[in-house]
1. Among the numbered conditions (1) surrounded by 15 or more Cβ atoms within 10 Å (Cβ to Cβ); (2) hydroxyl-bearing (Ser, Thr, Tyr); (3) at pLDDT below 85, tell me where THR330 comes up short.
2. Is there any pair linking a residue in region 151-165 that is under 19 Å from LEU216 (Cβ atoms) to one that is not in a helix (DSSP H, G or I), with Cβ under 7 Å and at least six apart or on different chains, and which?
3. Among the residues of region 40-72 satisfying the criterion of being buried (at least 18 other Cβ atoms within 10 Å of the Cβ) and out of contact with any Leu (no Cβ under 8 Å at 6 or more places or on another chain), which is nearest to TYR236 (Cα to Cα)?
4. Would you please name the residue that is farthest from PHE106 (Cα to Cα), looking only at residues in region 171-180 that are in contact (Cβ under 8 Å) with a residue 12 or more places away in the chain and in a helix (DSSP H, G or I)?
5. How many residues are over 19 Å from ILE15 (Cβ atoms), without any contact (Cβ under 8 Å) to a residue 60 or more places away in the chain and part of a helix (DSSP H, G or I) when one looks only at region 220-242?
6. Looking at (1) within 30 Å of TYR52 (Cβ to Cβ); (2) assigned to a helix (DSSP H, G or I); (3) at pLDDT 75 or above, which is the only condition LYS210 fails?
7. Quick check on this structure: which one of VAL274, VAL304, VAL297 is modelled with pLDDT of 90 or more, within 17 Å of PHE250 (Cα to Cα) and either in a helix (DSSP H, G or I) or more than 18 Å from the chain's Cα centre (by Cα) (or both)?
8. How about region 186-202: which of its residues are without any contact (Cβ under 8 Å) to a residue 24 or more places away in the chain and either closer than 11 Å to ILE165 by Cα or touching a helix residue (DSSP H, G or I) at 6+ places or on another chain (Cβ under 6 Å) (or both)?
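The values are calculated or read from the model by the stated rules, or taken from the named source; none is laboratory data. For clarity, every value in this text was computed on a predicted model and none was experimentally measured. Positions of Cβ are generated from backbone atoms using ideal geometry, with glycine treated the same way; all protein chains shown enter the neighbour counts.
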Amino acid sequence: MFVIALIFVLGPKNILQMAGHLSFLDFFILFFLSYLALFFSALSLNNALNVYDAKIGLKHLANIKLIGYGANYIAPSGIFAGFIGGDAIMALMLKKKIGLDFKMGFSAGLAAKVIEFAVFLLFVYTGLILGFKYFYMPPEIWYMLLIAAIFVGAVTLVFLINPIIDNRFFTKILRYLTKFKFLNVLIFKILKHTNNFEKELHLFYMKGKKYLFLSLFLSLIETAVLIFQIWLLVHYLGIDMGFSKTLLIFSVSMLIFALPLAPGSAGTYELSQVGLFDVLGLGSELGLTFSLVMRAVNLLMVAVSFFLIPHYGFHFFKKQEYKDGDGGETI
């Protein structure tokens, strides 16, 4: 409803006229770039799975990664959803497809995601620095962006450093919460699992040091593709903008999707782009058109992921059974 209100405030005719610059081929190229970025993310996950000598075809892994993407997108957005929701589903699918232990699949997916997001943050901070240097925005907006950047960076560091030094941060928090008797039943149900996951993540980082640089390189390529996609979409809409503006738009987009807001940051993403494009002198109409096209690309990715789920015979609540000695199917 909020997005519809924005469209009517800025004028449906203006939005349609601006979107008219975009051809079906242009939209397909934008979709291809989104899938290409996801494919590099799948390569990074495949690199992480090599730590466990787990083998699966890239086609299947890319499909599983796309399903995880869809799960993250429709869940309440935020860095925790992005780190946990889709990766848990991917780990279940890997267990079903190749018999990989859930803890191992989840640890590999989570580790790859943390490295990926750490690379994102390098560009996010660079974009904010360039934006602060070259563009004027009201101080309160910069304060909000700074707080968001610090929050997201702190959470990412916790997920990155905690398992490396084997601090068991989340296990310690849960143990502390057991002091509250009304939480005991719930806490004790998940305490053991959390401790096991943190232990597995530590072992993963100890075993997977030699895979770190390849994952960093793949994440750099993925980030470059996403940044280029932003520049290309604005170019398709009739505006050629420089690197600093493109990187600032990427930075704000990443922060909005990382904050714990509505599913897919519905409404807040569109509003942020309207305000940002207006402040940068590109026009509110361009900001809304940009965000709606990006939303359409993302929703098409989600729609494709829904069609893939039945192909993998995935059942959320059905326990997968394996015969003795059967490690699962290897593709």
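1. Status for THR330: all satisfied but (1).
2. If the second residue must be not in a helix (DSSP H, G or I), no pairs are left.
3. By that ranking, first place goes to GLY70.
4. Taking region 171-180 first, the residues in contact (Cβ under 8 Å) with a residue 12 or more places away in the chain are 171, 174-175, 178.
Still in the list and also in a helix (DSSP H, G or I): 171, 174-175.
Values: THR171: 17, LEU174: 20, ARG175: 22 Å.
This residue is ARG175.
5. Adding up the residues that qualify gives 2.
6. (3)
7. Values: VAL274 fails: modelled with pLDDT of 90 or more; VAL304 fails: within 17 Å of PHE250 (Cα to Cα).
Every option except VAL297 fails the conditions.
8. Taking region 186-202 first, the residues without any contact (Cβ under 8 Å) to a residue 24 or more places away in the chain are 186-193.
Scanning region 186-202 gives ILE187, LEU191.
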